Amino acid sequence: MAKTVLEFEKPIIELEKKIAEMKKYSESLDLGEEITTLEEKVNQLRKSVYEGLTRWQKVQLARHPDRPYTLDYINMMTTDFIELHGDRSFRDDKAVVGGLAFLDSEPVMIIGQQKGRDTKSNVYRNFGMMNPEGYRKALRLMKLAAKFKRPVITLIDTPGAFPGLEAEERGQAEAIARNLFEMSHLPTPIVIVIIGEGASGGALGLGVGDRVLMMENTWYSVISPESCSSILWRSWSFKEQAAEALKLTAPDLLAQGIIDRIIPEPLGGAHRNPPQAAEILKGILLEEISKLKKLKTEKLIEKRIDKFSKMGEYEE
Amino acid sequence: MAWFRRSKASISTDAQRKDIPDGMWTKCDGCGEIIHKKQLEQQFYTCIKCNYHFRIGSKEYLQFLLDEGSFKEMDRKMKSKDPLNFKDSKSYKERIKDSIRKTELFDAVRTGSGKINGQDVVVGVMDFSFIGGSMGAVVGEKVARAIDKARKDKSPIIIVSSSGGARMMEAAYSLMQLAKTSSKLAQLSDEGVPFISILTDPTTGGVTASFAMLGDLNIAEPGALIGFAGPRVIRQTIGKDLPPGFQRSEFQLDHGFVDVVVHRKEMKETVSKILKLIWKS
């Protein structure tokens, strides 16, 4: 059962509770008909709520604290995962995890930002905000994958790259730029999945690949709605408008030609049924990887660079 | 008093403050020295007393960097389309129109080919005065095409950056320009053609996190602010004042992200020397 309930989720959760209670009593009482009516009602409610979500509500879903995170997906989707640590230069960034694993019978390198579930684990994970050594660790693992001809999967879920003093001293900008540069011609297939928040350069630093997929209830943009509001409206309170203006949801980005595919989530969001969300994701990843593996490496890289080269609209 | 102090800094107000000064006399932002316009021009818009480098536009920079009359501009009239129909307190279309009128430029970078002491080069020079030198699809596309030209012609490419980062009003499209320009540089690098990045005040955000940091050589002008996050954001994050010189060129050199810091008046000769060392046989 969900621990955190968003405002628009409340009526649905309440109805679900009622149905669960009635089912408990239905052993002694005959409530079958009433339960069916209520179940129909909750289904309709779910549909109407989730089809009518605003962009800001989708941002809230993307940040839902019960949503599966990178390690949850790794645990649910893969076997024999062995986590690999460190950038071989400075230290191990806990905001990003990565390692080798089997996706069914497919050996892959899987890397993603990791958020925490409570204060303690969030401090440990730095809220999923990577430092330069995190980008360098990720790049090291990607090069390792390329060396042994293993496809790379990255799972993106970050409120941004960490904007701290030490991050600047160690070259946050250079670390991200280097990843964009290296990922664009890495000689192995790369599949990117936005599983939660995709904020700015901090997300893109793991985001250059052959296929870019977005889960249904996630967002991806150049800036968070809050920061956009604070800069352009000079106030923190225009986040709803900023989210609308940024057009940052999965359908928006598909229409903009920036992502390739939307991954459906269980009704109500991935947090309502994590195993099902992982199962859907796994199936799609296997399908994408098997297609990419058929391409010659040169062709793969050429197509990857062409794909990003086409992004953006202008007038001549 | 409200008009002395802004609670939040913005890209555009900063630009106005440090743009090329009008009038005959200018006060140096570095030391307060009063400098005559003619003298400032002769000094490549740097302060004779404290070496402060004023922010200048692509027009001036191209004059300093290239052989006279050698610049041939590419894609001069490429303009933003406002694909998202973006509107905050003002519409993006209006902002673009106003900026074009005010700066007589079409966007925040000019690209083309030219010569440096007779050596053919491809160049790109950014204009901070155009919406804070921000990178949207036009800047990304023009830079990408310049890199393509360098690769095709086997000509070294030099890009002079000054930018507040990615352009918010083009949202995800802007973000993707980081990937676009960086992937073009990877292609260029695979062909062995040199890229020299010149970082000027300020180079931050998405431009630093893409092409500006990816030079075979990174050259900075003295005292330029160079970083990923802006100082204001970092101050908010750590809740402390930042040490003096933080994120300046010399700091970046000390931390290993800039090869050399070069005074603007020596920039052309330095670039020319480097090209002879790494490119001409």
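About its Cα centre, what dipole magnitude does the stretch B:51-114 give when the only charges are +1 on Lys and Arg Cβ and -1 on Asp and Glu Cβ, stated in debye to the nearest 20? If you can, show how the numbers build up before the last one.
Working: 15 positive and 11 negative charges, 81 e Å.
Once rounded to the nearest 20, the dipole reads 380 debye.
If a helix is a whole DSSP H run, which ones in chain B reach 20 Å or further along their own axis (Cα) and hold a mean Kyte-Doolittle hydropathy of at least -1.0? Counting only whole DSSP H runs, the qualifying helices are B:137-153, B:171-190. Counting Cβ atoms of other protein chains within 10 Å of each Cβ in A:110-121 and taking the mean gives 0. Report, for the stretch A:58-309, the % of DSSP beta bridges that are antiparallel, rounded to 5. Counting DSSP beta bridges with both partners in the stretch A:58-309, the antiparallel share is about 40 percent. Roughly what would the spin-label model give for A:L29 and B:H255, points 7 Å off Cα along C-beta, in nm? So the label points at A:L29 and B:H255 sit 6.6 nm apart. Along the axis of the charge dipole computed for the stretch B:57-278 (Cβ charges of +1 for Lys and Arg, -1 for Asp and Glu, origin at the Cα centre), the listed residues B:S210, B:P243, B:M169 are led at the positive end by B:M169.
How much FRET efficiency would the formula 1/(1 + (r/R0)^6) give for B:Q43 and B:N85, where r is the Cβ-Cβ distance and R0 is 60 Å, rounded to 0.05?
Once rounded, the FRET efficiency stands at 0.85.
DSSP assigns beta bridges within the protein assembly as shown; of those with both partners inside it, close to 45 percent run antiparallel.
To the nearest whole percent, what portion of all C-alpha pairs in the stretch B:191-281 is separated by more than 16 angstrom? I get 56 percent for the Cα pairs in the stretch B:191-281 exceeding 16 Å. Applying a threshold of 22 Å to the alpha-carbon distances of B:K27/B:K265; A:K239/B:K102; A:K143/B:K154; A:K137/A:K303; B:K115/B:K265 flags A:K239/B:K102; A:K143/B:K154; A:K137/A:K303 as lying beyond it.
Its Cα gyration tensor gives the stretch B:177-222 an equivalent ellipsoid. The semi-axes, each the square root of 5 times an eigenvalue, are 19, 14, 5 Å from largest down. Ordering A:T36, A:S26, A:P11 by the projection of their Cα atoms onto the charge dipole of the stretch A:7-52, which places +1 on the Cβ of Lys and Arg and -1 on the Cβ of Asp and Glu, puts A:P11 at the extreme positive end. Shielding by partners for peptide A:221-232, expressed as the average number of C-beta atoms from other protein chains within 10 Å of each residue's C-beta, is 5.
For the protein assembly as shown, what mean projected area does the convex hull of the alpha carbons give, in nm²? Kindly include the intermediate steps, with their values, before the conclusion.
Numbers: hull surface 119.9 nm².
Projected over every direction and averaged, the Cα hull of the protein assembly as shown covers 30.0 nm².
The heavy atoms of B:M267 present about 0 square angstrom of accessible area, all protein chains included, probe 1.4 Å.
Counting only other chains, what is the mean number of Cβ atoms within 10 angstrom of the Cβ of each residue in peptide B:137-149? Numbers along the way, then the final one.
Working: counts 5, 5, 2, 5, 7, 1, 0, 4, 1, 0, 0, 1, 0.
That average works out to 2.
Per residue, the convex hull around the alpha carbon atoms of the stretch A:158-316 comes to 152 Å³. Each Lys and Arg contributes +1 and each Asp and Glu -1, all at the Cβ; summed about the Cα centre of chain A, the dipole is approximately 960 debye. Max-minus-min Cα coordinates of the stretch A:261-316 on each principal axis give 46, 34, 10 Å, with the largest extent listed first.
What is the dipole size for the stretch B:57-278, taken about its Cα centre, with +1 at each Lys and Arg Cβ and -1 at each Asp and Glu Cβ, in debye to the nearest 20?
Working: 33 positive and 28 negative charges, 143 e Å.
My answer is approximately 680 debye.
So which lysines can A:K24 reach, going by Cα to Cα under 22 Å and dropping same-chain residues fewer than 8 places off? A:K24 reaches A:K3, A:K10, A:K41.
Can you give the log10 of the normalised intensity I(q)/I(0) at q = 0.23, 0.25 Å⁻¹, computed with Debye over equal Cα scatterers of the stretch A:1-42? The Cα Debye sum returns log10 ratios of -0.75, -0.83. Given the DSSP H assignment, sum -39500 (n - 2.57) over each helix run of at least 4 residues in chain B and divide by its residue total; what's the result at 222 nm in deg cm²/dmol, nearest 500? That comes out to -10500 deg cm²/dmol. For chain A, the Kirkwood hydrodynamic radius comes to 20.7 Å, computed from all pairs of different C-alpha atoms. Exposed loop sites here are chymotrypsin sites (Phe, Trp or Tyr not before Pro) assigned a DSSP state other than H, G, I, E or B and surrounded by at most 11 other beta carbons within 10 Å; excluding them, the longest clear run of chain B is B:5-281. Per residue, the protein assembly as shown exposes 43 Å² of accessible surface when a 1.4 Å probe is rolled over the protein heavy atoms with every protein chain present.
Along the axis of the charge dipole computed for the stretch B:57-278 (Cβ charges of +1 for Lys and Arg, -1 for Asp and Glu, origin at the Cα centre), the listed residues B:V139, B:L65, B:S197 are led at the positive end by B:V139.
The values are calculated or read from the model by the stated rules, or taken from the named source; none is laboratory data. This one's a predicted model, so the numbers in the text were calculated from it and none came from an experiment. All Cβ positions, glycine included, derive from the backbone under ideal geometry; neighbour counts span all protein chains shown. Accessible surface areas use protein heavy atoms only, side chains included; no ligands, DNA or RNA. Shrake-Rupley method; radii C 1.70, N 1.55, O 1.52, S 1.80 Å.
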